[in-house]
1. Quote to one decimal, in nm, the extra length available between residue 476 and residue 60 on full extension: 0.36 nm per residue of separation minus the C-alpha distance between them.
2. Give, in nm to one decimal, the length gained when the segment between residue 251 and residue 272 is fully stretched (0.36 nm per residue of separation minus the Cα-Cα distance).
3. If each of residue 370 and residue 429 carries a label point 7 Å out from its Cα toward its Cβ, how far apart are those two points in nm?
4. P(r) tail for the range 314-356, what percent of Cα pairs lie past 14 Å?
5. Using a 1.4 Å probe and counting only protein heavy atoms, arrange 433, 155 so the residue with the most accessible area comes first.
6. Determine, for each peptide in 362-373, 538-549, the mean count of other beta carbons within 10 angstrom over its residues, then list the peptides with the highest first.
7. Quick one: net charge of residue 301's neighbours, Cβ under 12 Å, K/R +1, D/E -1?
8. Can you divide the C-alpha Rg of the range 407-545 by 2.2 N^0.38 Å and report the result to two decimal places?
Amino acid sequence: MGGVEDDEPPSKRLKASSGDLGSLTSNSSIVEPVLNGLCDRMAKPLTTQGSKELIGPKGSIKKVEFVRIITKALYTLGYEKSGALLEQESGINLHSSEVNLFRDQILGGKWDESVATLRKIGMPNGYALKSATFLILEQKFFELLEKNRVMNALSTLRHEITPVCVDAKRLRELSRYIVCSSQYGNIGFSSKDMVGQNRYLNLLEEVQKLLPPTIMIPERRLEHLVEQALSVQRRECVFHNSLDGSLSLYSDHQCGKDQIPSHTLQVLQAHSDEVWFLKFSNNGKYLASASNDKTAIIWEVSESKEVSLKHKLIGHERSILTVAWSPDDSQLLTCGVEEAVRRWDVNTGSCLQIYTKAGLGIISCGWFPDGKCILFGLSDKSITMWDLEGKEVECWKGQRTLRISDMAVTNNGKWIMSMCRESAILLLDREASVERLIEEDNTITSFTLSKDSKFLLVNLVNQEIHLWSIAGDPKVICKYKGHMRTRFVIRSCFGGYEQSFIASGSEDSQVYLWHRETGELIETLSGHSGAVNSVSWNPVDPHMLASASDDRTIRIWGLNPVTLKPKDVCANGVIHCNGNSR
């Protein structure tokens, strides 16, 4: 069960060798009627209030900051009376009197006065003070041009803006508008911002970004803090696997295992021999499988999540080792064991091109991100790039790949990855001709690149899977253990919501699932009767997982059928493509 003969291709058998902008101040006349009616009935501010008073279950929140942020949120949401009332009742002002004056001056277009007040606010960063001053004086400059007061604008530019200039390029642009003052709007504020109060509101928002948060609370600070808390809860939830990105604020978030695809929904039985590889298309609408029976199959995923045979691809003279989807999913590559690579039309199932290299075998293949070129790993250990018509475009000679090899290309086309030694993966920068190595202590059997091209999942002969971060200096950030691998090439994959999970096949006939960040083994899926060689998680549907086995079947895993609508499964939830059921 899952065994192979001595003449099995080496690719299958592995050697074991080596918004408060419109808010009101606390003494605003608009809220006076409210205050007069409510203040007597509300609790007075605590006499112990101070900048160091701490609140919260753990006593780690500064009360002044907490109240100010809530006040800011009320104003941003448009609850101006409530915000003003909170300032009055708590005795904690959102802004100091200087900041309130500064805001009023900006919104009133009083540029000289606002610059003078800005210097009194007490900004510790001299560069930020200059930058804020520059923005204010720039607005003054544009308004003078707008009023055709060119000489005044020139004086402002020379004697006020130039001394505080923090952007020489911008200063030159402003100078050109003295010559062509009628066209100043082209690089200044857009026409829609040059009229009415919007211009001043936009300026205040830009200036606020330069002020320390203790002086002016950043916009939507409370929403930002809440979103951060929700993100932490989502990351710490081992079973979170839902496309619904909204989480409730009423209770701490916690998912159950019911979100993990752990139930067999279909068993696909169209291959007549071991199934070695499978891969969902980028859009999740198709699944391709490769088999020792010398065929590949394109399966179609319906809207009801039922998988059915679309095309059986026949033509290879040897077993098919891998498949690769084109970036737009319109074409599929199938790679025979040291044989030819064939390119197929997904819609019609017809063979569009056969790629061969005289005297050499092709052992791996992959698409370049633009879909116009194909990469091949050759039996002479070189890597070559061809256009779709079969013309060689580029070639990298030397120890670039192995007889047993995977291949990947980053989304930007910059890095090509291939196994160059038994225990090393080559990262080749095709633009700068720079090479980096990911080196392991044990033999590498396969690897997979993450969707964002920042991580590599590396399967090892010692029954471990290592997650490498390759965004900077390559390093192992997590290890996954528990599955069995003694003789065969076993493949793993990323998957689930935001690729939060790791799935792998195993020689004990099971599928193993880990939480990506923690490395915790969360589920083992039983059902196959032979070694599970390859797994693929639907990139669009986090609740659909596929596995390929030596038992000649493909299993489609999903959520518990009890929780699905009746039409989502057939009979007992197991469907055989040949019409049999059990």
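1. 146.3 nm
2. Fully extending the segment from residue 251 to residue 272 adds 2.4 nm.
3. If labels sit at residue 370 and residue 429, their model points lie 2.0 nm apart.
4. Value for the range 314-356: 41 percent of Cα pairs lie more than 14 Å apart.
5. 433, 155
6. Ranking, from highest mean packing down: 538-549, 362-373.
7. Numbers: positive: 285, 305, 310; negative: 300, 303, 306, 329, 541.
My count for the surroundings of residue 301 gives -2.
8. 1.03
The values are calculated or read from the model by the stated rules, or taken from the named source; none is laboratory data. Only a predicted model underlies this, so the values are computations on that prediction, with no experimental measurement involved. Here the Cβ is made from the backbone with ideal geometry for all residues, glycine too, and neighbour counts use every protein chain on show. Only protein heavy atoms, including side chains, enter the accessible area calculation; ligands, DNA and RNA are left aside. Shrake-Rupley method; radii C 1.70, N 1.55, O 1.52, S 1.80 Å.
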